[in-house]
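*Asks:* Let me begin by handing over the structure; questions about it come next.
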Amino acid sequence: MEACKQAIRIKPNLAEARFNLGLAYWRVGDKVSALEEYKILRDLDKDMANQLIKQFYK
């Protein structure tokens with residue numbers, strides 16, 4: 001999770017890092033943060049955002 005946060009600090013629009021961070025948040029039960037990452041990702045890459053939301057409900 002920290003690696004994703006660091007990558008986002010360096011490059012905020014890095015969709016892969018947003019995806020991975022959102023998924024990590026979801027897996028540890030931080031659904032609010034996961035959904036925030038989803039919202040950001042949706043603006044960056046809609047296809048990847050759709051993949052993320054599917055992972056949430058897998």
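*Asks:* Within region 17-57, which residues are farther than 16 Å from Ala3 by Cβ and among the β-branched types (Val, Ile, Thr)?
*Replies:* Answer for region 17-57, where residues must be farther than 16 Å from Ala3 by Cβ and among the β-branched types (Val, Ile, Thr): Val32, Ile40, Ile53.
*Asks:* Another one. Identify all residues within region 40-49 that are surrounded by 13 or more Cβ atoms within 10 Å (Cβ to Cβ) and in a helix (DSSP H, G or I); write none if there are none. Walk me through how you get there before you give the answer.
*Replies:* Start the filter on region 40-49 by keeping residues that are surrounded by 13 or more Cβ atoms within 10 Å (Cβ to Cβ), which leaves 40-42, 44-45, 48-49.
The answer is Ile40, Leu41, Arg42, Leu44, Met48, Ala49.
*Asks:* Another question, if that's okay. Against the condition of a type in the set (S, T, N, Q), in contact with a helix residue (DSSP H, G or I) (Cβ under 9 Å, 6 or more places away or on another chain) and in contact (Cβ under 8 Å) with a residue 12 or more places away in the chain, how does Asn50 come out, does it pass?
*Replies:* Details: of a type in the set (S, T, N, Q): yes; in contact with a helix residue (DSSP H, G or I) (Cβ under 9 Å, 6 or more places away or on another chain): yes; in contact (Cβ under 8 Å) with a residue 12 or more places away in the chain: no.
Criteria not met by Asn50.
*Asks:* Checking Gly22 against (1) without any contact (Cβ under 8 Å) to a residue 24 or more places away in the chain; (2) buried (at least 16 other Cβ atoms within 10 Å of the Cβ); (3) among the small types (Gly, Ala, Ser): exactly one of these is not met. Which one?
*Replies:* (1)
*Asks:* On to the next question. Considering each residue of region 5-30, count those that are more than 11 Å from the chain's Cα centre (by Cα), of a type in the set (Lys, Arg) and in a helix (DSSP H, G or I), and give that number.
*Replies:* Looking only at that region, the number is 2.
Bear in mind that the values in this text are calculations on the coordinates, not laboratory data. All of these numbers come straight from a predicted model, not from anything done at the bench. For neighbour counting, all protein chains shown are included, and Cβ atoms are generated from backbone atoms with ideal geometry for every residue, glycine included.
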